[in-house]
Amino acid sequence: MTRRLRSRAWFDNPDNPDMTALYLERYLNYGLTLEELRSGKPIIGIAQTGSDLSPCNRHHIELAKRVREGIRETGGVALEFPVHPIQETGKRPTAGLDRNLAYLGLVELLYGYPLDGVVLTIGCDKTTPACLMAAATVDIPAIALSVGPMLNGWHRGERVGSGTIIWKAREMMAAGELDYDGFIDLVATSAPSVGYCNTMGTATTMNSLAEALGMSLPGSAAIPAPYRERPQVAYQTGKRIVEMVHEDLRPSRILTREAFENAIVVNSAIGGSTNAPIHLTALARHAGVELPIQDFEAVGHRVPLLVNLQPAGKYLGEDYHQAGGVPAVVAQLIKHGLIHEDALTVNGRTMGENCRDAEIVLPDVIRTFEDALVEDAGFLVMSGNLFDSALMKTSVISPDFRARYLSNPADPDAFEGPVAVFDGSEDYHHRIDDPAQDITAETILVMRGAGPVGHPGSAEVVNMRPPAHLIRQGITALPCVGDGRQSGTSGSPSILNASPEAATGGNLALLRNGDRVRIDLKTRRVDVLLDDAELARRREALEAAGGYRYPVSQTPWQEIQRYMVTELETGAVLEPAVRYHRIIDT
Ligand code: FES
Ligand code: MG
């Protein structure tokens, strides 16, 4: 209780009465009293990510009221402030561009204002990593509060998942089963309430991983946004952050190598998004933890899929919560020795203490190991002569996909085919249904120019639907490879996040339509069947022509980020920012 908090430097500094008076006066002008600000009470920030521009997180505007009450009741003073909004579906050219911008902004706020601790309001995809990355860089006591998923979507008695339904609806429209209005209607049924995507997309993934990392209260991630437990846990979160400030419990004690390994294991078990490795890598780098991309396979591949949520399975967010949420999943993983039980969490207890005894309530939604949905459900880390690394999410390989590509008795883990190459999503949309492209059931679709430099923020475009003529024949998926990302709500087993990207010297830039590519899941190789001499000739010709072309920046931030962003493999972080760790020391 006696530790001098950093907010005292602003509000109670007898050595500098001028500045103290200046700092104080404006925080008084809306009704705070001198007594509150000078009493030594912890000043707690509420980093508000909700706004009319970010509907997924908008419910945080309501929840913040309960956070404040918890802070107040425990002896703190709450100061709420906006975080640069990130709306996954609303931001052009892509929300991915804004993660690092929100991160940078939040670092400045946490460092530069009189805050002793912070509640991070997380939810929509990139809001979670942006907030956690900033808290890790500053190393200020921090606790994350998820906004929670939407209620389940329903259409004619069937669960309809937000994000995921769009892939199905697109196929139905391409096949002529839906018109434009029917398409919009079907997609809208998937989003029946406040909250983030109710599928196991990037939002549910990252909120689950925030809990698995130990950064939010146990059992809190999966509570649906409209449930009464949601404002209840908001209140408890507010209470807890004040205690954390007194305990000086900071992210550096929670975000350890063990915590990241726990997150990787949980990500496999929940069937988490292919965006998770990008965000976890970024967070690890800002926290100063070594986490090479190969660890996602080494630590996570052998973990079975336990959570039966769309897109890999059939249920949605409400079911996940009712079934027991993250603690029930972690308890199963603990039983099989896959969790570092000693990892510390924000409630001051360990992951083992929090989760060991959690039970599965709905056994079809969260499975035991004996009843797992898929064995070895984690990512494969692929490499070859087209890139150094790329990920493949094996938990979403469908029986149909397996039958078509992975059933040759002589070579059951490999297939090859000619490629159709697209430079960005506009090029893809223009050409995919053009009969002149000659795309057949054998074709491998390749997307390039979609990495953090080629398409600022990296586009979620690697999962490409086949041309309409193939869909009408019942072929709803072709293998896809690319240097961009894909939405966590997509059930496509693409090979994606390829690094280096075409725009920064990756060999995807050298591919031409009709080249043959071989994909071997056993050796984890993806290779174009060309010899080194031919690749060298093509490289020389490309460089002579000025290198791989990509569109110019549309905004100053796109341009600035392009100068300093890393590959997806290394988290697509701002490289100069990674030099700064734990920037407050009191
Ligand atoms: Fe925001 Fe899915 S679009 S969570
Ligand atoms: Mg997305």
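No value in this document is a laboratory result; all are computed from the given coordinates. Given the structure is predicted, the values throughout are model-derived calculations rather than measurements. As a convention, Cβ positions derive from the backbone with ideal geometry for all residues, glycine included, and neighbour counts pool all protein chains shown.
At-a-glance table
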item: Cα-centred dipole magnitude for the range 249-398, charges only on beta-carbon of K, R (+1) and D, E (-1), debye, nearest 20; result: 380 debye
item: Zone residues, the range 438-460, relative to residue 475, backbone N less than 13 Å from point 7 Å out along Cα-to-Cβ; result: 438-445
item: Long-range amide H partners of residue 48 with built H, under 5 Å; result: 81, 83
item: Farthest positive-ward along the range 159-239 dipole, Cα basis, beta-carbon charges - from 220, 187, 166; result: 220
item: Spin-label pair residue 35/residue 554, simplified geometry with 7 Å Cα→Cβ offset, distance in nm; result: 5.4 nm
item: The range 62-157 - Debye-derived log10 I(q)/I(0), Cα point model, q = 0.23 Å⁻¹; result: -1.24
item: Under the Debye formula (equal points on every Cα, no solvent term), log10 I(q)/I(0) of the range 160-319 at q = 0.11 Å⁻¹; result: -0.54
item: P(r) histogram, all alpha-carbon pairs of the range 385-425 included - 10 Å bins from 0, percent; result: 20, 43, 35, 2
item: Normalised contact order of the range 424-500, rounded percent, pairs of Cα under 8 Å and 6 or more residues apart; result: 30 percent
item: Sorted largest first, extent of the chain alpha carbons per principal axis (Å); result: 76, 56, 48
item: Share, in percent, of DSSP beta bridges within the chain that are antiparallel, nearest 5; result: 45 percent
item: Check: the range 61-144 dipole with +1 on Lys, Arg Cβ and -1 on Asp, Glu Cβ, in debye; result: 200 debye
item: Principal semi-axes in Å for the range 1-76 [√(5λ), Cα gyration tensor, largest first]; result: 28, 15, 11
item: Packing-based exposure ordering (other Cβ within 10 Å, fewest first) of 522, 41, 65; result: 522, 65, 41
item: More than 18 angstrom apart: percent of Cα pairs within the range 237-324; result: 55 percent
item: Cβ charges +1 (Lys, Arg) and -1 (Asp, Glu), total dipole of the range 450-586, debye; result: 440 debye
item: Low-density loop cleavage sites - trypsin sites (Lys or Arg not before Pro) in the range 334-408, where at most 14 other Cβ are within 10 Å (DSSP); result: 349
item: Segment residue 535-residue 69, length gained on full extension (0.36 nm per residue, minus Cα span); result: 161.4 nm
item: Residue exposure sequence - 49, 94, 33 - by fewest surrounding Cβ within 10 Å; result: 33, 94, 49
item: Percent of C-alpha pairs per 5 Å bin, the range 321-424, short to long; result: 2, 10, 12, 16, 15, 12, 10, 9, 9, 4, 1
item: Semi-axes of the equivalent ellipsoid for the range 1-42, Cα gyration tensor, largest first, Å; result: 17, 14, 7
item: Rounded to whole Å, sorted largest first: equivalent-ellipsoid semi-axes of the range 505-567, Cα gyration tensor; result: 28, 17, 10
item: Kirkwood hydrodynamic radius (C-alpha pairs) into Stokes-Einstein, the range 361-505, 37 °C and 0.692 mPa s, D in µm²/s; result: 201 µm²/s
item: Full-extension gain in nm, residue 523 to residue 544, via 0.36 nm per residue minus C-alpha separation; result: 4.1 nm
item: Neighbour-count ranking [beta-carbon atoms within 10 angstrom, fewest first] of 346, 419; result: 419, 346
item: Links that overshoot a 29 Å alpha carbon limit, given the list 126/314; 126/335; 91/239; 65/126; result: 126/335; 91/239
item: Residue 247-residue 22 FRET efficiency (beta carbon distance; Förster radius 30 Å; 0.05 resolution); result: 0.45
item: The chain, helix-only ellipticity at 222 nm - DSSP H runs n ≥ 4, -39,500 (n - 2.57), divided by all residues, nearest 500; result: -10500 deg cm²/dmol
